[in-house]
Amino acid sequence: VYKDYIIDPLAPGLWDAIPTYLGPLFSDPNIVKIGHGIGGMDTSSLHRDFGILIVNAFDTYEASTILSSKKSGMGLAPLCRHYGLPSWEHYKELKQKYQCSDWKQRPLEDAALEYGRYDIRFLVTLRKLLMRDLAKLDMIGGGYLRLGSSPEDDSGVDSSSTQTSKGGTPVLHSFDSQLGSTISSTVSSFSENEF
């Protein structure tokens, strides 16, 4: 069971304390930081505003890009839907309403706080599922994740299995029904039964 924490950087006295308390956590290489699309505003804002550097991060958007049949990753709600995580429809509704809202206004609405929690709630679970699928892709793709290669350069990937949804949303390669018990036991540390 995971707990969700919301830190309000605009609360009185908190802005100046963030580098002291969060900086060491974000720079600790022994702690994996998980985010979705963190290469956008998240990392640059933390560095610009607080001098925080993120070390050892896993980006669920970037992982979905590797597994996707297109050159782009999946948004967080579609990724949650893909893996059958609960409440993704509600998250999608909250996102449409609050993603571009004015987050400087206080107090924040309860629904806005709920959206903030949903934005992080499934990241640990998604990382486990994505790592499982990345490991499976690497096993059957003949070294797809070689350092220094791009997806175009890597001939180990079967491009004939490329799929997209009716709306053009990338479809992730999911190998659960295609792989035998050998691979399942090899990657059992990423089993969905852990959740």
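For chymotrypsin sites (Phe, Trp or Tyr not before Pro), no site in segment 55-138 is both called loop by DSSP and has at most 10 other Cβ atoms within 10 Å. Computed with a 1.4 Å probe on the full set of protein chains, the accessible area for Ile34 sits at about 50 Å².
Estimated at the nearest 10 Å², the accessible area of Lys104 is 150 Å² with a 1.4 Å probe.
Let me cross-check Ile54: its accessible surface, 1.4 Å probe, with only protein heavy atoms counted, in Å² to the nearest 10? Here the residue's solvent-accessible area equals roughly 50 Å². Of the residues Leu79, Gly37, Ala57, the one whose Cα sits farthest towards the positive end of the charge dipole of segment 1-98 is Leu79 (charges of +1 on Lys and Arg Cβ, -1 on Asp and Glu Cβ, taken about the Cα centre). Is the shape of segment 1-110 rounded, prolate or oblate, going by the alpha carbon gyration tensor and its root eigenvalues a ≥ b ≥ c, with a/c under 1.5 for rounded and a/b larger than b/c for prolate? Oblate, because a/c is 1.5 or more while a/b does not exceed b/c. Taking 0.36 nm per residue of separation and subtracting the Cα-Cα distance, full extension of the segment from Glu89 to Arg106 would add 3.5 nm.
The 1.4 Å probe gives accessible areas that order Cys100, Cys80, largest first, as Cys100, Cys80.
The distance from the alpha carbon centre of segment 86-127 to that of segment 11-52 is 19 Å, rounded to a whole number.
The values are calculated or read from the model by the stated rules, or taken from the named source; none is laboratory data. No experiment lies behind these values; they were computed from the predicted model shown. Neighbour counts run over all protein chains shown; Cβ positions are idealised from the backbone, glycine included. For accessibility, only protein heavy atoms count, side chains too; no ligands or nucleic acids. Shrake-Rupley method; radii C 1.70, N 1.55, O 1.52, S 1.80 Å.
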